[in-house]
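The values are calculated or read from the model by the stated rules, or taken from the named source; none is laboratory data. Since the model is a prediction, treat every value here as computed from it, not as a measurement. Here the Cβ is made from the backbone with ideal geometry for all residues, glycine too, and neighbour counts use every protein chain on show. The protein model used for the area step is the full one, side chains on, heavy atoms only, and it has no ligands, DNA or RNA in it. Shrake-Rupley method; radii C 1.70, N 1.55, O 1.52, S 1.80 Å.
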Amino acid sequence: MTMTLTSRERVLRLFRREKIDYIPVFSGMGNITVHGLEKYGWKFPEIHTDARKMASMAASTYELFGYECAVVPFDLAVEAEALGAKANYYTHATEILYPTITEHPAEKVEDLNLQVPSDLAKAARIPLVIEALKLLKSEVGDEVAIGSHVLGPYTLAGQLLDLSFLAKAAFKKPALVGALLDTLASVLIEIIGIYRRAGADYITVREMGAGPDILSPRIFQSLIMPPLKKIFAAVDSPKVLHICGDTNDIIEGMAQCGADVLSVEKKNRVAETRRKLGLGALIFGDLDAYNVLVLGGPVEVEKAVREAIEAGVNAIWPGCDIWPTVPKENMEALMAAARKYGKL
């Protein structure tokens, strides 16, 4: 008998390592499109500060294209704002500009007097994300998996401090940086719990600032892995670890951090990662979210999907946020190619 699953069933069964019908197409990161903005008539700056608009946009990629998730938030400033950083939402911009941190609580690690709110569920924009998750759960939660994400401890530290000073301190003052990362891990554990209780089915920890392009494998092992292990030991499954760049040199360390899934991007050589980790590992990737999905055409998209499946991914998963200007025909080609090549 042919198995026919809903998007939600397909994704959650994959996380549980149960039999599925097709390799799913989804993400733990931003996957909104200008087509969703047009559908609802929202302006891009509005969707970061209004829970109703945030939820509508998160669901729109599923509604328009069958993309198999709805994920909030869309930017990378939420946790840093809750800890005292200031963000610019570019409220008057007519082009696509994501909120960015414009004022750090401190420049250097030794000058950071970290103030953790007594109730993180009420801090900065976290209540908006909570409300958006609740709306998604009630409105599309029976059809599609609901996801959320947080920054990894080191990447979050890079939002609270001057990044160049942080990178220097990672080499020269590892104990000081390590203590900060441990504290941030505790904060992130609490935020993840808040998001899960609000309705997130799975969480992605985005430690993109700690890849081998930025930090050595030795620093990764000594400084980055301990707080990641702390997070994944404390939070419920499903849980995903994403790190940008060519992660082949640290992929075995990533696997030891305790996530259910490793998310990789195009610079990672998936076939090599698969050989290192074995058939039992869940590897999501490695679709080029900009050069192929936005700048390419349907032919390039289909080729990329086929190659990712042949290399051994368990889900077609963009290696970063989908840039919102992705052409409609490329989204349609993405979904069609996954069904063409991903039947199990």
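Residues checked against (1) more than 24 Å from residue 71 (Cβ to Cβ); (2) open to solvent by 60 Å² or more (accessible area, probe 1.4 Å); (3) of a type in the set (Asp, Glu):
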residue	(1), (2), (3)
90	no, yes, no
94	yes, yes, no
102	yes, yes, no
114	yes, no, no
120	no, no, no
127	no, no, no
131	no, yes, yes
Exercise. Exactly one condition in (1) in contact with a helix residue (DSSP H, G or I) (Cβ under 7 Å, 6 or more places away or on another chain); (2) not in a strand (DSSP E or B) is not met by residue 101; state its number.
Key: (2)
Practice problem: Working only within segment 1-21, note down all residues that are at pLDDT 95 or above, in contact with a Lys or Arg (Cβ under 8 Å, 6 or more places away or on another chain) and open to solvent by 50 Å² or more (accessible area, probe 1.4 Å). | Solution: 13, 19
Quiz item: Across segment 319-340, which residue is most open to solvent (accessible area, probe 1.4 Å) among those that are touching an Asp or Glu at 6+ places or on another chain (Cβ under 8 Å) and outside any helix (DSSP H, G or I)?
Solution: 320
Exercise. Identify the residue in segment 221-270 that is part of a loop (DSSP other than H, G, I, E, B) and open to solvent by less than 10 Å² (accessible area, probe 1.4 Å) and, among all such residues, is modelled with the lowest pLDDT.
Key: 245
Exercise. Report, by residue number, each residue of segment 197-217 that is modelled with pLDDT of 95 or more, within 15 Å of the chain's Cα centre (by Cα) and not in a strand (DSSP E or B).
Key: 200, 201, 207
Quiz item: For segment 271-286, what are the residues that are under 16 Å from residue 319 (Cβ atoms) and open to solvent by 40 Å² or more (accessible area, probe 1.4 Å)?
Solution: 271, 272
Practice problem: Return the total of residues in segment 31-80 being over 22 Å from residue 156 (Cα atoms) and in a loop (DSSP other than H, G, I, E, B). | Solution: 10
